[in-house]
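A.B. asks: The structure's right below; bear with me while I get my questions together.
The values are calculated or read from the model by the stated rules, or taken from the named source; none is laboratory data. The shown structure was predicted, so the numbers you read here are calculated from the model rather than taken from an experiment. All Cβ positions, glycine included, derive from the backbone under ideal geometry; neighbour counts span all protein chains shown. Only protein heavy atoms, including side chains, enter the accessible area calculation; ligands, DNA and RNA are left aside. Shrake-Rupley method; radii C 1.70, N 1.55, O 1.52, S 1.80 Å.
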Amino acid sequence: MAEVSIRKMRKTFGKVVAVEGVDLEVAKGELIVLLGPSGCGKSTTLRMVAGLESISSGQLLIEGRDVTSLEPKDRDIAMVFQNYALYPHKTIHANMAFGLKMRGMPAAEIARRVDDAARMLDITHLLDRKPGQLSGGQMQRVALGRALVRDPAVFLLDEPLSNLDAKLRARMREEIALLQRRIGKAMLYVTHDQTEAMTLADRIVIMRDGKVQQIGSPLEVYDRPANAFVAGFIGSPEMNLIEAEVAGGRLVLSDGVYLPAPSGAADGPVLAGVRPEALVPTPGGASLQVQGIEQLGSQTLFIGDLGGHRVRSMTGRRDDIAINETITVAAPEAAIHLFDRDSGERLATAGEG
Amino acid sequence: MTRWLLPGFLAVGVVATLVLIVGPALYAVSLSFYEIPSLTADPVWAGFANYAEVLGSGEFWSALWNGIVYAGLAIILQVVLGIGFALLLNQPFFGRALLRGIAFLPYLLPTVIAVLVFKWMVDGSLGIVTITMDDLGLPPIYWFETETASMVSVILISVWLWTPFVTTTFLAGLQTVPTQLYEAARVDGAGPVRRFFHVTLPSLRPILTVIILLRGVWMFNKFDVIWLTTGGGPLGATEHLPVLSYRMAFKLYDIGSGAAVATLSFFVLMIAVTVYFRVFPIEGGK
Ligand SMILES: Nc1ncnc2c1ncn2[C@@H]1O[C@H](COP(=O)(O)OP(=O)(O)OP(=O)(O)O)[C@@H](O)[C@H]1O
Ligand SMILES: [Mg+2]
């Protein structure tokens, strides 16, 4: 049985459609990341699951129970907010205990749960402090702890790491992943950071303008983006999207500049996608005039002109090439994605059925 | 040039404060040590005689008590009602902006006008309240006739005039409480009442501390409402220290005793404020 079932869930604010018919089943122990650009409706979706935003139409089941119109407290969820939302005048202990107290749990049980969670998150020494005396990372832990003690069926997290610096974010990301494996609960996690999504998610839900674009495991959405938007959004550096033409089994970028086309691709104009890491310098490939070079340490990123298209090519470290030199690049057939030029939808090719 | 600018401005401020505030205050205090039988008579040094006389009189103590009752009840009502209205005006509803504006109006009225209007409205023969109640078959209320009614009336007028101050200040404060705190409390299972006591009130505690302090000091020193309505009567039932001081100085021409009452009033207030700050440290929060 799915832990969370979202069925045709929709949200309108007056005339604005914030979320357009989301369908999603979350299994127990599954970590789902809602990913998309700003304003795409991630938070609204999460808040509808939390019960902080009413559901305009559709249905929401948690552990098989219809909770569509229940108050947040009756949904068996816990939430971690972007700005932590810790009660500033309460101690850390009281912050974590508050939800349990409101539910009338016996004091001994509350104390036990708070202690357990505090130990798990390594914040035992902070319990007597107030939120104002904590660093951002510590507050984030407390916010997690407050959700953890509740032991809910579903954890909801809205950009929980966005206020932390890059290093701390990476560490907390790992910790959340570990924690989630350990407690084995369903988790819905909102972010606009695709690295966070790729590293954390069991499955990613990619949204745009209130609509779900694709649902799949990180590698599925990386390997087989459902449309050009997903292709451009997932992966770093961004996938090269080139207006090209399929003709005679080849992808024609311009006169005399070719890449291979996936077998079975129909002739005609397409939007072709190839990831920088798949478009690598190769003897005898298509000519790329280098216009910019970014050294990343272990890797080198070339930015240049390929048959009149601006593209990026990434390879292992190279420091033998200068700007304005011409290199030749190639990509394997399997690394070429084709999309419809108008709709942006993925075009079926032979290998994919 | 600029080197003298800051000290220059400061000097102006200091001089103005000395001349306009500290000077008169000290002068008033000094008067309390003299016997001054009239405004034109020469003061005669009297030491603490005025204080002895004032403190030995029942008038002073009953005026002090009246002032505490008047200020205390007025503040409690202002704060409770003010917070209530602020919470109501913070709910989304049609015409909220208009109502917020209207709610502030009483505060803009000069006290004299408000009090006179109130007296007309409850006038025994012509007042609109009196006539309306009569039309409705209700028994008349004698607003300023009995001792208790007078006290209740001056308190009600004060509450009506200054509740908007509390409402507006508290309403402004409400805007600063992060909505995420309320959402977290909702997820934690706190209903509206618990959200008020666990989120709103603690967040606005510093503001509330200042509101109560300011309103307390103002109410304790408030002269015009009582003077214009009851003049301290009937039988001194609403006479508090400011009115007593005024009556002694300008009705009985015992300026020394009037000044002594004012000085004592100042000390009472100072002690009250000091205790208040001990009990409710203003930095609150952390
Ligand atoms: N209370 C509201 N009233 C009106 N429109 C709203 C409201 N809340 C959200 N919206 C609109 O709904 C859309 C989705 O908003 P949402 O907050 O879900 O975006 P998001 O994906 O979380 O973006 P971000 O990454 O910036 O947080 C936006 O167009 C937003 O303007
Ligand atoms: Mg958001």
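A.B. asks: For chain A, modelled as a Gaussian network with Cα springs under 10 Å, which listed residue fluctuates most, A:Ser135, A:Ser217, A:Ser313?
C.D. replies: So, out of A:Ser135, A:Ser217, A:Ser313, the one fluctuating most is A:Ser135.
A.B. asks: A further question follows. Accessible area drop of at least 40 Å² (1.4 Å probe, protein heavy atoms): which residues of the range A:58-73 qualify, relative to the chain alone?
C.D. replies: With the partner chains in place, the range A:58-73 has these residues losing at least 40 Å²: A:Lys73.
A.B. asks: If the cut-off is 25 Å between C-alpha atoms, which lysines fall inside it for B:Lys251, apart from same-chain ones fewer than 8 positions away?
C.D. replies: B:Lys251 reaches B:Lys119, B:Lys222.
A.B. asks: Compute the Rg/Rh shape ratio of the range A:239-339: radius of gyration over Kirkwood radius, all on alpha-carbon atoms. All intermediate terms of the calculation are to be shown ahead of the outcome.
C.D. replies: On the way: Rg = 13.1 Å, Rh = 13.5 Å.
Across the range A:239-339, the Cα-based Rg/Rh ratio is 0.97.
A.B. asks: Can you tell me the relative contact order of the range B:8-56? Whole percent, Cα pairs under 8 Å, sequence separation 6 or more. Display every interim value, and only then the final one.
C.D. replies: Values: 23 pairs, mean separation 12.0, N = 49.
Worked out over the range B:8-56, it gives 24 percent.
A.B. asks: Let me ask something else about it. Once you charge only the Cβ atoms, +1 for Lys and Arg and -1 for Asp and Glu, what is the size of the charge dipole of the range B:51-285 about its Cα centre, to the nearest 20 debye? Provide the component values of the computation, followed by the final result.
C.D. replies: On the way: 12 positive and 13 negative charges, 169 e Å.
The dipole of the range B:51-285 has a size of about 820 debye.
A.B. asks: Now for a separate question. Give me the accessible area of B:His240, 1.4 Å probe, in Å² rounded to the nearest 10.
C.D. replies: My reading of the accessible area for B:His240 is about 0 Å².
A.B. asks: Right, next: Would you mind telling me the antiparallel percentage of the DSSP bridges in the protein assembly as shown, rounded to 5? Could you put the intermediate results ahead of the total?
C.D. replies: On the way: 61 of 79 bridges.
Here the share of antiparallel DSSP bridges comes out near 75 percent.
A.B. asks: How big is the shadow of the Cα convex hull of the protein assembly as shown, averaged over all directions, in nm²? If you can, show how the numbers build up before the last one.
C.D. replies: Numbers: hull surface 188.1 nm².
For the Cα atoms of the protein assembly as shown, the hull's average projected area reads 47.0 nm².
A.B. asks: May I ask for the angle, rounded to the nearest 10°, between helix A:92-102 and the longest principal axis of chain A, with both axes built from Cα atoms and the value confined to 0 to 90°?
C.D. replies: 70 degrees
A.B. asks: Whole angstrom only: what separates the Cα centroid of the range A:290-353 from the Cα centroid of the range A:110-125?
C.D. replies: Centre-to-centre distance over Cα atoms comes out at 49 Å.
A.B. asks: In square angstrom, what is the accessible area per residue of chain B with a 1.4 angstrom probe? Working shown, then result.
C.D. replies: On the way: 16040 Å² over 286 residues.
Per-residue accessible area for chain B comes out at 56 Å².
A.B. asks: From the C-alpha gyration tensor of the range A:72-196, pull out the three semi-axes of the equivalent ellipsoid (sqrt of 5λ each), sorted largest to smallest, in whole Å. Write down the numbers at each step before the final one.
C.D. replies: Values: eigenvalues 95, 59, 34 Å².
Over the Cα atoms of the range A:72-196, the semi-axes work out to 22, 17, 13 Å.
A.B. asks: Mean separation of Cα pairs under 8 Å and 6+ residues apart, divided by the residue count of chain A: what relative contact order is that in percent?
C.D. replies: On the way: 748 pairs, mean separation 55.1, N = 353.
This gives 16 percent for chain A.
A.B. asks: So for chain A, taking the charge dipole from beta-carbon charges (+1 Lys/Arg, -1 Asp/Glu), which of A:Gly58, A:Gln194, A:Asn324 sits furthest toward the positive end?
C.D. replies: It is A:Gly58, whose Cα lies furthest towards the positive end.
A.B. asks: In terms of Cα to Cα distance under 19 Å, which lysines are near enough to A:Lys73, apart from those fewer than 8 places away along the same chain?
C.D. replies: Result set, ordered by chain and number: A:Lys101, A:Lys185.
A.B. asks: I'd like the carbon and sulfur percentage of the solvent accessible area for chain A, probe radius 1.4 Å, heavy atoms only, ligands and nucleic acids excluded. Intermediate values should be presented prior to the final figure.
C.D. replies: Numbers: 7320 of 15120 Å².
In chain A, the share of accessible area belonging to carbon and sulfur is 48 percent.
A.B. asks: Do any residues of the range B:178-207 show a loss of at least 50 square angstrom of accessible area between the isolated chain and the full protein assembly, using a 1.4 Å probe, and if so which?
C.D. replies: Buried by the other chains: B:Gln180, B:Leu181, B:Glu183, B:Arg186, B:Val187, B:Asp188, B:His198.
A.B. asks: Tell me the total accessible area that A and B bury against each other, 1.4 angstrom probe, in square angstrom rounded to 100. Before the final figure, lay out each step's value.
C.D. replies: On the way: alone 16010 and 17050 Å², together 31170 Å².
Its buried surface, counting both partners, is about 1900 Å².
A.B. asks: Still on this model: Against the 2.2 N^0.38 Å scaling, with N counting residues, where does chain B land? I'd like the Cα-based Rg ratio to two decimal places.
C.D. replies: Details: Rg = 23.3 Å, N = 286, 2.2 N^0.38 = 18.9 Å.
Compared with the compact-globule rule of thumb, chain B sits at 1.23.
A.B. asks: For the range A:1-79, count the residues as N, evaluate 2.2 N^0.38 Å, and divide the Cα radius of gyration by that value, please.
C.D. replies: So the Cα radius of gyration is 1.03 times the expected 2.2 N^0.38 Å.
A.B. asks: Run the reach check for A:Lys28 against aspartates and glutamates, Cα to Cα strictly under 15 Å, same-chain hits fewer than 8 apart removed. What comes back?
C.D. replies: Correct list for A:Lys28: A:Glu3, A:Glu63, A:Asp76, A:Asp151, A:Asp202.
A.B. asks: Also, I was wondering about something else. Restricting to the range A:4-229, what percent of DSSP beta bridges are antiparallel, rounded to 5? Could you put the intermediate results ahead of the total?
C.D. replies: Details: 19 of 37 bridges.
Taking every DSSP beta bridge with both residues in the range A:4-229, the antiparallel ones total about 50 percent.
A.B. asks: To the nearest 10 degrees, how steep is helix A:166-183 against the longest Cα principal axis of chain A, on a 0 to 90 scale?
C.D. replies: That works out to roughly 60 degrees.
A.B. asks: Consider just the alpha-carbon atoms of chain A and return their Rg together with their Dmax, both in angstrom.
C.D. replies: Expressed in Å, the Cα Rg and Dmax of chain A come to 24.0, 77.
A.B. asks: What number do you get for the range A:218-297 when its Cα radius of gyration is normalised by 2.2 N^0.38 Å, N = residues? The partial results should precede the final answer.
C.D. replies: Values: Rg = 13.7 Å, N = 80, 2.2 N^0.38 = 11.6 Å.
Against the empirical 2.2 N^0.38 Å value, I get 1.18 for the range A:218-297.
A.B. asks: Given the peptides A:151-158, A:22-29, B:102-109, arrange them by the average over their residues of other C-beta atoms within 10 Å, most packed first.
C.D. replies: Most protected by this proxy first, the peptides run A:151-158, A:22-29, B:102-109.
A.B. asks: Cα axis of helix A:136-150 to longest principal axis of chain A: angle in degrees, 0 to 90, nearest 10?
C.D. replies: Orientation of helix A:136-150: about 60 degrees from the principal axis.
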